[in-house]
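The values are calculated or read from the model by the stated rules, or taken from the named source; none is laboratory data. Since this is a predicted model, take the numbers as computed values, not measurements. Counting neighbours? That spans all protein chains shown, and the Cβs are built from the backbone with ideal geometry, glycine included. Heads up: the accessible areas ignore ligands, DNA and RNA and are worked out on the full protein's heavy atoms, side chains in. Shrake-Rupley method; radii C 1.70, N 1.55, O 1.52, S 1.80 Å.
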Amino acid sequence: WREKVGYNRKLRKIANPTNATRSLQDSIFCSEDNSLYFTYNGKSNVLEVRDLSYQVNVASQIPWYEKLAHLEMPWTRATDKESHMVAIRNMSFKVKSGQMLALIESSVCGKTSLFDLITCRDYGGKITSGEILINGKPTTRQLVKKCTAHVREDDRLLPNLTVKETLLFIAKLRLAKISDSERKKRVEDVIAELRLRQCANTRVGNEYIRGVSGGERRRVSIGVQLLWNPGILIFSDPTSGLDSFTAHNLVITLSRLARGNRLVLMSVHQPRSDIFQLFDLVLLMTSGITVYSGAAQDMVQYFTRMGYPCPTYSNPADFYVDLTSIDRHTEEREMESKRRVSMLAAMFHENIRHFGDHLWRSSQRDGMTPVSEPSSPLTLEETVIMNTHSDDHLPGWLQQFTILLSRQISNDFRDLSALLIRGFETLLMSLLIGFLYYGHGKSNLSIQDLSALLFMIGALIPYIVILESITKCHSERPVLYQEFEDGLYSATSYVSAKILGELPEQCFIVIVYGIPIYWLANLSPDPEHFFLNLLLLMLLTYCARIMAMWMSAMLPTLQISAFFGNALYTTFFLSGGFLISLENLWIVPSWLSKVSFVRWSFEGLMQIQLKGVTYPMTSGNVTYPISGTLVLQTMGLHSYPLYAIYLILVGMTTGFLVLYYLSLRFIKQKSNQDW
Amino acid sequence: RDREIIGKSIYIACIKLPKNNSSSLGEHGQMVVIPNNCLSVLNVSYTVRERVGPWWNIPSYNKKWNRQILQDVSFHIESGQLMGILGNSGSGKTTLLDAIAGRLNHKTNFLGQVYVNGRELRQEQFRNCFSYVLQNETLLSYLTIEECLTYTALLALQKHSREFIKKKVDAVMAELSLSHVANSVIGSRIFRGISDGERRRVSIAAQLLQDPKVMLLDEPTTGLDCMTANQIVWMLSELAHKGRIVIITIHQPRSELFQVFDKICIMSFGELVFCGGPSDMIRFFSGHGYTCPEHSSPFDFYVDLTSVDTQSKERELETYSRVRTISSAYKNSEIFCTTLEAIEEAKCNVKELPPVPFKCEDSPSVLCKLCILLRRTTKNLSRDKIGIIMRISQNVLFGLFVAFFLLRLNNDFLKGGVQDRIGLIYQCVAALPFTGILNALALFPALRAVADQESKDGLYQKWQMLLAYIVHFLPFSIIGVALYSVFIYWTMGLYPEVSRFGYFFAALLGPHIFGELLTLAFLGIIQNPNVVSGITLLLNIAGVLAGSGLIRSMEDMPTPIKMMSYFTFQKYASEILVVNEFSGLTFTCGHFNVSAGVVSPCTFLQGIQFIEKNFPGGPSRFTTDFLLLYAFLPALIILATISFKIRDKVILRQ
């Protein structure tokens, strides 16, 4: 380091920095209009973390399926000491509304745990000492829900809605009490505040679908939380994955939010120098130990006083992160850096003892109010005064249901290409089977062929539907579980909206599948039979779809749900009564066959086609007519009347629905899984 | 090695000290006597013709426009220098590296020259001169570092002796300080191995084995934490100072690396805005009124200064005009003039400069390569416990599933003796290709990525890797299917005769392998494994439906489908299985005593009657069926090879 510092001194002579540089830097980044359109007007909040220490058990956070992949039994628990890690050690700070605090740490652990603790989302750690207070009261889930919003590091948005629609739907779900026009106004304000006007009517998009840019998408995520106007905003790594301009503009946005009398807490990973200069307060920590917390512009001064000046032309954030990070490459360097960190931490502790809020200020400004104290934001021009305070009053069940339903339908139908691909796939399957059993020729299909055809009709469509439905549910999952966490709506209204919202697509698929086969195979031309056939297919696909939804709600990853979904389907397929005769099944599979929708659809389809029809039967060279009912009886497919089969299918659908509901309600899946 | 010695002797004749950046070299004080190679890039431009709109918007799709990706780029760099190319995403950094390495797709849109020691390179020489480390390292995850490097060395330098290769690998590992982890497994996203920084160094080491004199690295620090990233760059600068030319693109470098680079290039919208030493850079920008503020990283500051903000029209115009001003100032500056002079000088003094420094390459014969690849793939799989368990037990698991439902076959027609047998054969014919498909989808894409990269480096061709893969999975397929057949055949009670069991096994082995081969063929031309999985699963179902004749007897099918069924392997496999099982089989008919001549509900009692009805002429075609079934093996291998040949072209075009 000394070498570098020396060299940089030499450079300083050459470069001779001037005062004009600051304004130059401003001119590089666009200075948009600085007015506030949407401010927080509730009572101001104080967040205080007092002497907090927190320990996480790393091993217990590994989910069971990952353990299985390592060939370990899922119930083994690592009990060695290494898995217990101190994530936060003796952390204290106090921030008020109007301030923005940035946490800088090179590793991820401490920051995430702190945010999880503040938002009362505990993932298997243990608070060993200290407490977190909001407005002087210890945090509880209810309190947190009322006043804090957490914006995660990944964007969880429905890709096919426009920016405005996204916000409007959330506003409807969140702000039930205010009138429609007020709600529209609020959405407009949020869009203006986040500078999203130019893309308000563009699709949000995701990595596959073209939409707004990455920075804009991040701001939409912020907007979703901003709508209900919380007093405390928490951002995990808001700048990660954005390029320099976007990141800079985003941090400007965040500091503007803070100026609107909100309390902003964010974590950053390797902030660039221009971003660092935008920070108001920073907290520098390394493996859970606070090394500095206080005004950002005083950080260099503080460390200089401690004997570590920041060299010219280097980014203070980078420099001090490096200075305090623990180098694990060799043992002696690790020891040395650990010693340095503990020394710095002790020095810092000593230095802030007389500051009430545990934030360091340089001595010149001692006693004065910190720069970050908001100068009453309401005097600013163009300030919108919100009269109605957002309350946690959610809309009723029916209202939630209609909002969710219209949201889902508008999201699904924008994605026309996916729908067309699915339709095309189904059509191909239908044509293949139809041509295989082409029935317009000289003779009608024989009984064996007819039963094979009807079995295949009923067995193939669930297969396609299950595969496609599990993938779809998993792609929607991040949005769903985040909104559950935020308490936007109940599982009941989601389930009802979801199953009704799938109906149009369902009809489309069944029609595309059912009609070509029916016509090509020349099945019974009676319209009543045709519609009964379609209705049965409809019920069958619905049942399969809800089973798939249940699988994806119950199991943690896409692969696992796909595997078990497939296995369950194969079970139903094998016990369907065609490939293996039902009488030959021993006791357990014959129970299974009772809940096999493939079996019931086969039985139903056969009854529709054969009941009341006489069929020519060839034996040797004698042909004699035989009644369809007799055929059904010999095949053992006449155990229940037709209406009962419909009822059984409806009952099974309901059963899966209940299971789906229970899994959604009681199994908390993590929303960010890409294993 | 001979070339190196010649290079050294020529070097004495032409010691050429770099003029414009002697200071930065002096600081490191590491002027070792080495052949002084130089690389010059002169007036390189590159455009791509792109369609304006997406495919469904036909009018705009038919319109094309020229996108300028590189515009008139020139620079000159000599041995012992590390050059960093900076710029925001989309500024053309990677394309510039591609251009230098001769890896651009549309050669026709490429203007300008790349000289090495004053000589222009021929197309096939590019690969042998530059070594290129890509951004995302693709390594086989179950090999140790030492094994990984040794296999690469064997592929590249097989003509040398074993000791030479061992020494070379050890030397390279020592140079990149990997010796202490030489025996650690590399690891992947799913299971932990060596750290990210070490992995990056392994991919650099793999290139160093061939002693390249010019190294190009695309974003070697992305995704690493700051410490490790710095260490990589320091290490690269050391490599450069040992007489190599090292060029890297880098995104958001840390400020303390500023002095490590001997040359820094800033790219913006395809233009080279600046290229020169660090102190030149500060002088140049300060001279034009852009002084870097004290506590900010010059990298960040200058990159921001020269990038174009597209948030709004006015901002775009404003920033763009600033970029133009700076780049024209650079074109008029002294630094740029000296660059051009250096290039001219190199071109004029071609005779005095050493010959083009090629990498050591004595690649072995095709057969040797196949052997090495086979050994490597096998070694990689041998440590993959889950992979092996999956390959061997998947079929048996499936068998258990079927056995759970069927328990044991019976011979009673009325109790479904025929129906159950057909069901079982149907499951066998449908499930074994299916497991093959799953295997290929789970295990091959990782190897494919490795093959893509190493074939670009010229180590081998993609189809060679494919053949090695096919050979390596065959034994596993045989074991897997054998276990399945033994289990199913004897627990279910199929025709109890040992030779028939042999036929049963042989008829199932084929489809299992073909499922995997078919998937490989699709993986050659389609990148996304999910799409391939959709296609192959549907093809599998379609093949069983149309080909097997179990669901619908062949005779009743419409002619086009009958024709199509001749191209499905399921047709032959199921015919063999049906004939194998049903010929000679006699069924009973419940309590009816058939011999008494009573009219019974059973249509037939002899298995042969069933064959004659549904597969007429089946027994006589038994041998032919086997021949035709196994004719699919070479056919599918050829198909897969062709698909990977096509892949060469597809990858080149991307």
Partner lysines whose C-alpha sits under 18 Å from that of B:Lys351, ignoring same-chain residues fewer than 8 away, are B:Lys8, B:Lys16
Based on the inverse mean of 1/r over its pairs of different Cα atoms, what is the Kirkwood hydrodynamic radius of segment B:327-465, in Å? 21.8 Å
Tell me, what is the per residue accessible area of the protein assembly as shown in Å², probe radius 1.4 Å? 42 Å²
What is the gain in length, in nm to one decimal, between B:Arg408 and B:Phe567 on full extension, counting 0.36 nm per residue of separation less the C-alpha to C-alpha distance? 53.9 nm
I'd like the GluC sites (Glu not before Pro) in segment A:171-234 restricted to DSSP loop residues with at most 11 other Cβ atoms within 10 Å, sorted by number. A:Glu207
Taking a label point 7 Å from the Cα of B:Thr491 along the Cα→Cβ vector, which residues of segment B:386-409 have an amide N closer than 13 Å to it? B:394-409
Using 1/(1 + (r/R0)^6) with R0 = 22 angstrom and r between the beta carbons of B:Ile389 and A:Tyr65, what's the FRET efficiency to the nearest 0.05? 0.90
Sum -39500 (n - 2.57) across every DSSP H segment of at least 4 residues in the protein assembly as shown, then divide by the residue count to get the 222 nm mean residue ellipticity, nearest 500. -17500 deg cm²/dmol
With r defined as the distance between the Cβ atoms of B:Lys313 and A:Gln297 and R0 fixed at 41 Å, what FRET efficiency is calculated, to the nearest 0.05? 0.75
7 Å from Cα along Cα→Cβ at both B:Arg67 and A:Leu662: what's the point-to-point distance in nm? 5.3 nm
Given a 1.4 angstrom probe, I'd like the percentage of the accessible area of segment A:397-666 that is carbon and sulfur, rounded to a whole number. 72 percent
Surface accessible to a 1.4 Å probe, B:Phe269 within the full protein complex, Å²: 100 Å²
Entries in B:Lys166/B:Lys462; B:Lys347/B:Lys462; A:Lys67/A:Lys338 that, when Cα-Cα distance is taken, lie over 28 Å: B:Lys347/B:Lys462; A:Lys67/A:Lys338
Could you check the spin-label model distance between A:Asn522 and A:Ser410? Points 7 Å from the Cα along Cα→Cβ, value in nm. 5.0 nm
Between B:Lys159 and A:Asp154, take the C-beta separation as r, use R0 = 51 Å, and let me know the FRET efficiency to the nearest 0.05. 0.50
Computed over segment B:395-494, the distribution of all Cα-Cα distances in 10 Å bins, rounded to whole %, is 13, 35, 22, 16, 10, 4, 1
Give the lysines whose C-alpha is closer than 18 Å to that of A:Lys94, dropping any in the same chain fewer than 8 places away, or say none. A:Lys43, A:Lys111, A:Lys137
Stokes-Einstein D for chain B at 37 °C, 0.692 mPa s, Kirkwood Rh over Cα pairs, in µm²/s? 113 µm²/s
With no solvent and one point on each alpha carbon, what is the Debye value of log10 I(q)/I(0) for the protein assembly as shown at q = 0.06 Å⁻¹? -0.66
Beyond 18 Å, what share of the Cα-Cα pairs of segment A:181-319 is found? Please give it as a whole percent. 61 percent
What trypsin sites (Lys or Arg not before Pro) in segment B:87-145 are in a loop by DSSP, with at most 12 other Cβ atoms within 10 Å of the Cβ? B:Arg122
Per residue and in cubic angstrom, what volume does the convex hull of the Cα atoms of segment A:147-194 have? 98 Å³
Quick one: Debye curve from the alpha-carbon atoms of segment B:275-341 only, equal weights, vacuum; give me log10 I(q)/I(0) at q = 0.12, 0.24 Å⁻¹ to two decimals. -0.34, -1.10
To the nearest 10 square angstrom, what accessible area does B:Arg199 show with a 1.4 Å probe? 40 Å²
Distance between modelled label sites at A:Asn351 and A:Ser639, nm, 7 Å Cα→Cβ extension: 8.0 nm
Just want to confirm a number: the relative contact order over chain B, from Cα pairs under 8 angstrom separated by 6+ residues, in percent. 15 percent
With every protein chain kept in place and a 1.4 Å probe, the residues A:Lys611, A:Lys111 fall, from largest accessible area down, as A:Lys611, A:Lys111
Whole-number Å³ per residue for the convex hull built on Cα positions in segment A:397-666: 135 Å³
Among segment B:433-477, those whose backbone N falls under 20 Å of a label point 7 Å along Cα→Cβ from B:Lys645 are B:451-452, B:455-456, B:458-471
Report, to the nearest whole %, how much of the accessible area of segment B:422-529 belongs to carbon and sulfur atoms, 1.4 Å probe, protein only. 75 percent
Viscosity 0.692 mPa s, temperature 37 °C: give me the Stokes-Einstein translational D for segment B:228-378 in µm²/s, with Rh taken as the Kirkwood radius over C-alpha pairs. 174 µm²/s
Over all directions, average the projected area of the Cα convex hull of segment A:46-353 and note it in nm². 18.7 nm²
Which links in B:Lys93/B:Lys456; A:Lys146/A:Lys177; B:Lys168/B:Lys649; A:Lys472/B:Lys63 stretch past 25 Å when you go from one Cα to the other? B:Lys168/B:Lys649; A:Lys472/B:Lys63
Could you compute how fast segment A:86-233 diffuses translationally, taking Rh as the Kirkwood radius over C-alpha pairs and applying Stokes-Einstein at 10 °C with viscosity 1.306 mPa s? Give it in µm² per second. 92 µm²/s
With 12 Å as the cut-off, how large is the P(r) tail for segment B:255-314, expressed as percent of Cα-Cα pairs? 70 percent
